[in-house]
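Let me begin by presenting the structure, written as structure tokens, before commenting on it.
The values are calculated or read from the model by the stated rules, or taken from the named source; none is laboratory data. Nothing here was measured: the structure is a model prediction, and the numbers come from that model. Cβ sites come from the backbone with ideal geometry, for glycine too, and all protein chains shown count toward neighbours. We work out accessible area using only protein heavy atoms, side chains counted, and drop any ligands, DNA or RNA first. Shrake-Rupley method; radii C 1.70, N 1.55, O 1.52, S 1.80 Å.
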Amino acid sequence: VTLAENYNFRPYGMNVVRGFLTVEEEVELMRKVDEAAHMWDNKLNRKTQQYGYRFDHHASNLTQSNEGLPDWAVKLAEKMMDQRLISSLPNQLIVNEYEPGQGINPHSDQYCFEDGIFVVSLGCDITMTWINSSDYIAAEQADVPLTSAVLVRVPHGSFVSFSHMSRWRWQHAIKGTEDDIDESGSVARRVRRISLTFRTVDPKKWATRMRLLEIGANSVDDEASRHKGFLMSRRKKRAGK
């Protein structure tokens, strides 16, 4: 992946809120995660916990979990609502643990999750790589060609959301390394990081989408095109076209 010349570009629909958590809140959330040691799953190249709905990354299958969102997660989501960062409470949470050297390959969150992915970062600052998979507007107007990448620094204790173009037309990744380059250009040593990723599943929509995919009446490309068309029509309206 080639770094775009305009590598500080933020994909449309992304929001980073620094200092969302106090130091005390961050420490308490990490303690709550560690208390649920029985929930850790080691099937991926990192440990995860899932609540509300469980997504099987190997089978690409979604099932409702017996474990609803824990109280601490509900309170955290309510804080997001109180600050008007989200408009409704999510019903799915995946907790990811990243030790130094661990990362995640480029991907977009699965289509079983609605528009709007919300992440609270604990323990360590991180540099995320965002790859332009099909945002033609950014390619044409912001000097970020298709398949090129931009870098987004995410401090610990922050809130990050991505929706619209950043949700559907970009992939995100974390490089598996023990060091990062911080915003000043200095080398920053990684330590353990926990990400709390809140998402929403609409069970009726998910069931309908799966039936359409099974009979070949819909495809992932159709879903992406639907979202692209919707977003472009909104932008034209805002521009008065």
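For the range 1-124, the square roots a ≥ b ≥ c of the C-alpha gyration tensor eigenvalues yield an a/c under 1.5, which makes the shape rounded. Sorting Arg153, Arg189, Arg10 on solvent-accessible area from highest to lowest, probe radius 1.4 Å, gives Arg189, Arg10, Arg153.
Per residue, the average separation of C-alpha pairs within less than 8 Å and at least 6 apart gives the range 123-172 a relative contact order of 49 percent.
Near Ile86, within a Cβ-to-Cβ distance under 13 Å, what is the net charge of the other residues, with Lys and Arg +1 and Asp and Glu -1?
Numbers: positive: Lys79, Arg84, Arg199; negative: Glu78, Asp82, Glu114, Asp115.
Taking every other residue near Ile86 into account, the sum is -1.
The range 19-60 gives an Rg/Rh value of 1.08, both radii derived from C-alpha positions and Rh following Kirkwood. Estimated at the nearest 10 Å², the accessible area of His107 is 50 Å² with a 1.4 Å probe. Here the chain exposes an accessible surface that is 49 percent carbon and sulfur, computed with a 1.4 Å probe and the other protein chains kept in place.
Once all protein chains are placed together, Lys43 keeps about 150 Å² accessible to a 1.4 angstrom probe. In the full protein context, the range 1-44 carries 67 Å² of accessible surface per residue, based on a 1.4 Å probe and ignoring ligands, DNA and RNA.
Counting only protein chain heavy atoms and rolling a 1.4 Å probe, the accessible areas of Thr208, Thr177 rank, largest first, as Thr208, Thr177.
Our summary gives the range 53-110 a relative contact order of 25 percent, counting only alpha carbon pairs under 8 angstrom and 6 or more residues apart. May I ask for the distance between the Cα centers of the range 120-170 and the range 47-68, given as a whole number of Å? The two parts, judged by their Cα centres, are 25 Å apart.
Counting only protein chains, not ligands or nucleic acids, how are Tyr7, Tyr12 ordered by accessible area (probe 1.4 Å), most first? Could the numbers behind the result be given before it?
Details: Tyr7 100, Tyr12 65 Å².
Largest accessible area first, the residues go Tyr7, Tyr12.
When only Cα pairs below 8 angstrom with a gap of at least 6 residues are kept, the chain shows a relative contact order of 28 percent.
What FRET efficiency do you get for Asn15 and Glu178 if R0 is 35 Å and r is their Cβ-Cβ distance, rounded to the nearest 0.05?
Details: r = 29 Å, r/R0 = 0.81.
Step by step, r from the Cβ atoms, then E = 0.75.
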